[in-house]
Amino acid sequence: MSRRGVYRGVYSSLADDPDFHRLSPDARLLLYTARLCHDAGPAAIFRYYPEKLARQTGLSVMRVTKALDALSAAGWTQHDDAVLWVRNGLRYDPNMRLSDPKHRKNVIRALDSLPQRA
């Protein structure tokens, strides 16, 4: 991996999406950060820490928590106290295809590393 990090794709039309426009500026920033950050992994499902997202976005932990709740309420993400899923992050990633055996193996490995839930 280069010092630049992993390349992640996001369609440019996201910025023009009416549902995206309904989000607060904090929620938009958090969505971009959660989708593009190193921790997101190949399927945009990852172990997250509000404190780290706060550091990455420049928002307070309280604002991150409110933005997470807003993103979940609007259907953009799902989260619990340990795992954050940017919904459709894999579906709309132009660089990752589950039909590719190497990509599928990478996604499965990332999912297997998540905290187990009862």
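The values are calculated or read from the model by the stated rules, or taken from the named source; none is laboratory data. All values reported here derive from a predicted model rather than from experimental measurement. Neighbour counts are summed over all protein chains in view; Cβ atoms, including those assigned to glycine, are modelled from backbone coordinates with ideal geometry. In case anyone asks, the SASA skips ligands and DNA or RNA and just uses the protein heavy atoms, side chains included. Shrake-Rupley method; radii C 1.70, N 1.55, O 1.52, S 1.80 Å.
Structure notes:
- Of the residues making up the stretch 19-53, those that are under 23 Å from residue 4 (Cβ atoms), at pLDDT 95 or above, open to solvent by less than 20 Å² (accessible area, probe 1.4 Å) and of a type in the set (A, V, I, L, M) are 30, 31, 34, 53.
- Some residue of the stretch 50-58 being touching a residue at least 24 places away in the same chain (Cβ under 8 Å), basic (Lys, Arg) and assigned to a helix (DSSP H, G or I): no
- Taken together, the residues in the stretch 3-17 that are open to solvent by 60 Å² or more (accessible area, probe 1.4 Å) and either on the phi > 0 side of the Ramachandran plot or not in a loop (DSSP other than H, G, I, E, B) (or both) amount to 3.
- Filtered by the rule that a residue be open to solvent by less than 40 Å² (accessible area, probe 1.4 Å), under 17 Å from residue 23 (Cα atoms) and of a type in the set (D, E, K, R), the stretch 54-95 gives no residues.
- Residues in the stretch 27-43 that are under 14 Å from residue 15 (Cα atoms) and either more than 8 Å from the chain's Cα centre (by Cα) or touching a residue at least 60 places away in the same chain (Cβ under 8 Å) (or both): 27, 28, 29, 30.
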